[in-house]
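Laboratory data are not the source of any read-out in this text; all were calculated from the coordinates shown. These numbers were taken from a predicted model, which means no experiment stands behind them. Note: ideal-geometry Cβ built from the backbone for every residue, glycine included; neighbour counts use all protein chains shown.
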Amino acid sequence: MKTLVLLAALSAEWVFGDSSREVDKANEHLLRMFPDAVNIQRRTLPVTAADAESVLTRSKQRWIGDSVDVLVPVVNNTPLGYAIIDNVMGKDQPITYLVVVTPELVVKGVEVLAYRESYGGEIRNSSWLNQFMNKQHTDPLRPGGDIRNITGATISARSITLGVKKVLCILHTLKGRLEHIPWESH
């Protein structure tokens, strides 16, 4: 029987609001996407000024903070993928979302963990989120272009689209460090 180790208890600056609820949702999502995972590990990686500049150059989005928390489903001491929880601003409220990628940094899924606006919740629909499948940091991810807008949720759709691009770029920037971390299956 598999033992699942959930590494939660994340700081409030990582996730707005009730972080334990959002982390639980992220872990549930990861377990659905990676049913063979023996555990989910969390690693905090430093983000240097050069890393942040690289993300800004590639995504036109600024990485806020000097670190990033990466959730990693692991089996046989091997990462099955990587995931980052991030926040973007909707019209008035933050939106917490999860980006899950393969070890090759190709999008495997995007999930909205907390949507706090009173309208525009259509961005939580799988038909809209599935547009991100198989995207990489080199894809343009243009809101209203290769990622369609949603009437009544234009700001939220734009924010999530730009946020996914930013997360893909930070993962690409940190890929070498992620590949050299020793992973242990428990």
Report summary line: CD proxy, 222 nm, the chain: helix-only mean residue ellipticity via -39,500 (n - 2.57) per DSSP H run with n ≥ 4, per residue, nearest 500, stands at -9500 deg cm²/dmol
Report task. May I have the extent of the alpha carbons of the chain along their three principal axes, as whole Å values ordered from largest to smallest? Result -> 46, 35, 30
Report task. Given the peptides 137-149, 107-119, arrange them by the average over their residues of other C-beta atoms within 10 Å, most packed first. Result -> 107-119, 137-149
Query raised in the report: Looking only at 100, 38, 72, which one moves most when the chain is put into a Gaussian network model with springs between Cα atoms under 10 Å?
Result: 38
Report task. Just order 28-37, 125-134 by mean Cβ neighbour count inside 10 Å, highest at the front, would you? Result -> 28-37, 125-134
Query raised in the report: What are the lysines whose alpha-carbon lies under 28 Å from the alpha-carbon of residue 60, with same-chain residues fewer than 8 places away excluded?
Result: 91, 108, 135, 165, 166, 175
Query raised in the report: In degrees between 0 and 90, to the nearest 10, how far off the longest principal axis of the chain does helix 19-33 point, with axes built from Cα atoms?
Result: 70 degrees
**Report entry** Surrounding net charge for residue 142, when Lys and Arg each add one and Asp and Glu each subtract one, Cβ distance under 13 Å
**Finding:** +3
